[in-house]
1. Please work out the FRET efficiency for the pair residue 30 and residue 106, using the Cβ-Cβ distance as r and a Förster radius of 25 Å; give the result to the nearest 0.05.
2. Using r as the Cβ-Cβ distance of residue 82 and residue 126, and R0 as 25 Å, what FRET efficiency do you calculate, to the nearest 0.05?
3. With a 1.4 Å probe and every protein chain left in place, work out the accessible area per residue of region 62-150 in Å², rounded to a whole number.
4. Report the convex hull volume per residue for region 92-150, counting only C-alpha atoms, in Å³.
Amino acid sequence: MSLHYLPPVKPSAIALGTIFNHGIELAVLTPLFGQTYQRAKQANTKEEFVRSKEASSAAVAWGTSLVGSALQAYGVGALINATGTLSYKGAAYLGALIFAATSAPTYLAQLFTEKRPVDTVAVGATSKILETVGLSLFLTWWGTRTNPFD
């Protein structure tokens, strides 16, 4: 496989998109980190806490969230470039399509099949809308093309 099939995206757009998405993910993961912080305060020593299950699960959640945010930022930036999206309206449509294709079926199943509470599903759906529509709008504002004159 050759890398020239992958559309180029401005590195600063990937970095800022990663920070944008990771911030949203951390807002959702805050309860996990809050519990971990309480365990760290209760641990007798730093070494005891570092070896604990809570510390390793929090580190894994943080690391996978960071990597996932970077991949999503590149993917959305590449789609913006590949589709030639230049307007905020187009970026909102693109983000909505990404949401509809990747997350909407999950939330519909949670509501109608699994009968989960609406408020619980709404929190997850809101964060995913911010991660898709919000990210595409943010990246359109920042710019994703490596050479804007192409």
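1. Efficiency, from the Cβ-Cβ distance: 0.75.
2. After rounding to 0.05, the efficiency reads 0.35.
3. I get 58 Å² per residue for region 62-150.
4. Looking at region 92-150, the number lands at 77 Å³ per residue.
The values are calculated or read from the model by the stated rules, or taken from the named source; none is laboratory data. These figures come from a predicted structure and were not determined experimentally. Ideal geometry is used to build each Cβ from the backbone, glycine not excepted, and the neighbour counts take in all protein chains shown. Remember, those area values only see protein heavy atoms, side chains included, never the ligands or the DNA or RNA. Shrake-Rupley method; radii C 1.70, N 1.55, O 1.52, S 1.80 Å.
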